[in-house]
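The values are calculated or read from the model by the stated rules, or taken from the named source; none is laboratory data. It should be emphasised that the depicted structure is a prediction, and the values quoted were computed from it without experimental measurement. So basically every Cβ, Gly included, is an ideal-geometry build from the backbone, and we count neighbours across all protein chains shown. Surface areas here come from the heavy atoms of the whole protein model, side chains and all, with no ligands, DNA or RNA. Shrake-Rupley method; radii C 1.70, N 1.55, O 1.52, S 1.80 Å.
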Amino acid sequence: MDYPARGRSTAAGPLAVLAATASGALTAHLADGSTLTCPAADIAGLLAWATTAGLGAPAVKAGGLNTGPLLVLTDTATTLLTLPPALPSPAHRHPRSDHPVHAQLRAIGWQTNVQGLAPWTTLHPVHGDPTADAIHLAITAWGALHDDTWQLPTHLSPPQIAQLLSAYTRLLRTPTGPPGECGHRLMSDLRPPAHRHAHTNALLCHGAPGALAQSVNPAPCEAPDGHRLALGRTAEDRMTVEDIDWWRPPTDAEATAPYVVCLAVNLSHVAGSNNIRVAAGPARTVQHPDFDRRTPGSWFVDLSGTPQHPHLPTPYVTARPAWHTTEAVAYAQQRGTPIRPTRAHLRTGTAGPYLNPWYQRIRDARLAVLARLGITPAMEPEVLCQELESPGGDPISRLLLAAVDATAAHSIHVLAQQPTDPDHTPGHPFGTPPLPTWRPDLRASLIANSRTELHRKLCMTARTGYLPLAVHQDHILFATHTPSILEITSPSGSGFRLGLSPGHVSPAGTHTMAWYRHHCAQHVNPAQLLRTPTQ
């Protein structure tokens, strides 16, 4: 069964949600609200139909690859197609296993990609290209959409699922996995590398300038735990990059304030991605280098000379001699700290703001969904606060906003997550996956940039008389005399701006000072209690 990447029609839209009718037939619900009859009774028939139905999506960015069809199989469709009612065991998911689904696929000249059978399964012809000739399955009975980080309600009808996923596709990309994986793939969608067909070697796309085209090893200090380059590493040689997690008891003056308000920084890691400089090549080790804020890398340096306010969190995970990203060291230099690195792992050569298109795409998607909900930046601050605290609008748009936010929140961590290689034995060291966008160094830079930018805003706000009580990642608590975050954001010179874009803040709850002091007595960071599971 041939399914060529070139010349493929996408007239029917990016996806179809399939459900069985009472008469025992399959109905495909399309992105535009129309339906098609799908004559398939098994996986072979499904793929035969999908290759001729005109499903798929154009490349997100000119110079990239089209995205193959997404077929969402509801529980009734899974039953009609005689697929297993539950996800096969790990051994049977393996692409080389003898599971009946694999056998059916091999019999018609198809196979899964290297991930094997999964809630989100990608299929391609045996002699096709795993990316260019792919068809994607989201199998709800196996956990896709409802039991993963999409967290879609089970009561959604097939047309509603099609409506939601098609809107997500228009804003970001075709869903081919959980939101974090979609956001990670979006990075290379927007700066696509050149791509040659895996079997014919034909050039399928020329790519875009600034693309990451080759997989590179992390520097030893950047390698996540479990990576081969982390074996035998001392604690001193491990870079620790974390968001701020800090709290303190209120001062006597703050304890008299009746309220504690919480500000949530919108998509803080997305905001931290803007203008981050990324180089495509591997790191090289340099002894006693001069610090250069334009060179991406990791620097072993003592930042303990940085001045520290007793009522503010530190902008660094540690100030002692340790490995820090370029972004963290640059912030220390701005604050007057003498910078004398003893060694560094630097990525020299051409570097640029690789993630800027990704930042813009995520930002624009969020603003578009909020506009669907009737929330715009032009609103008066009091009205905007009220709308953000209790958003109205249709349920599909609210689910879409949650999906966009989850995409932003989770994709950063995919940059450094342990690869899901079916041949890897859990607990054993793993190597760098053959994926150019697997970049622990980039994740470290994003988090460090987010952390230092938050610290900068806290310092600005402190000069207006408001010091934070607690910070957990992107949630900040302040003692106030009113129950509104406008008390913090309104003064001239405040570092925090009420708004909708990444880096702006939204209200995230108001509590009493008694509530805050109670949790302090329990030795719990109260800011952590105000985060939702999707954040």
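Take the residues of the stretch 400-417 that are open to solvent by less than 10 Å² (accessible area, probe 1.4 Å) and polar (S, T, N, Q): which is farthest from ARG443 (Cα to Cα)? Break it down stepwise before answering.
Going through the stretch 400-417, the residues open to solvent by less than 10 Å² (accessible area, probe 1.4 Å) turn out to be 400, 403-404, 406-408, 411-412, 415.
Restricting the remaining residues to those that are polar (S, T, N, Q) gives 407, 411.
Values: THR407: 15, SER411: 10 Å.
In this case the residue turns out to be THR407.
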### Query
Say we look at the stretch 68-91 and pick out the residues that are under 29 Å from the mean Cα position of the chain (by Cα) and over 30 Å from ALA11 (Cα atoms); which of these is most open to solvent (accessible area, probe 1.4 Å)?
PRO90
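Any chance the stretch 489-504 includes a residue that's assigned to a helix (DSSP H, G or I) and open to solvent by 10 Å² or more (accessible area, probe 1.4 Å)?
At the first step, the residues of the stretch 489-504 found to be assigned to a helix (DSSP H, G or I) are 489.
Filter again for open to solvent by 10 Å² or more (accessible area, probe 1.4 Å), leaving 489.
Yes; the residues of the stretch 489-504 include at least one that is assigned to a helix (DSSP H, G or I) and open to solvent by 10 Å² or more (accessible area, probe 1.4 Å).
Grab the strands (runs of 3 or more DSSP E) fully contained in the stretch 275-341, keeping just those with 2 or more residues being within 25 Å of the chain's Cα centre (by Cα).
Values: elements: 284-287, 297-301, 322-325.
The strands (runs of 3 or more DSSP E) meeting that bar are 297-301, 322-325.
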### Query
Do any residues in the stretch 363-383 that are under 13 Å from THR407 (Cβ atoms) have Cβ atoms under 9 Å from those of residues that are aromatic (Phe, Trp, Tyr), where the two are at least six apart or on different chains, and which pairs are they?
ALA365/TYR168
### Query
Got at least one residue in the stretch 328-339 being in contact (Cβ under 8 Å) with a residue 60 or more places away in the chain, out of contact with any strand residue (DSSP E or B) (no Cβ under 7 Å at 6 or more places or on another chain) and surrounded by fewer than 17 Cβ atoms within 10 Å (Cβ to Cβ)?
no
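Looking only at the stretch 460-488, count every residue that is open to solvent by 10 Å² or more (accessible area, probe 1.4 Å) and either in a helix (DSSP H, G or I) or at negative phi (or both) and tell me the total. I'd like the intermediate steps shown before the answer.
Step one: filter the stretch 460-488 for residues open to solvent by 10 Å² or more (accessible area, probe 1.4 Å), giving 460, 462-467, 472-474, 479, 481-484, 486-487.
Remaining after also requiring either in a helix (DSSP H, G or I) or at negative phi (or both): 460, 462-464, 466-467, 472, 474, 479, 481-484, 486-487.
So the answer is 15.
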#### Entry: PRO426 in a loop (DSSP other than H, G, I, E, B), open to solvent by less than 70 Å² (accessible area, probe 1.4 Å) and either farther than 24 Å from ALA328 by Cβ or in contact with a His (Cβ under 7 Å, 6 or more places away or on another chain) (or both)
no
### Query
So which of VAL17, VAL114 is in contact with a helix residue (DSSP H, G or I) (Cβ under 7 Å, 6 or more places away or on another chain) and either at negative phi or part of a helix (DSSP H, G or I) (or both)?
VAL17
## Note on the structure
Exception for SER215 within (1) crowded, with 18+ Cβ neighbours inside 10 Å; (2) in contact with a Ser or Thr (Cβ under 9 Å, 6 or more places away or on another chain) falls at (1)
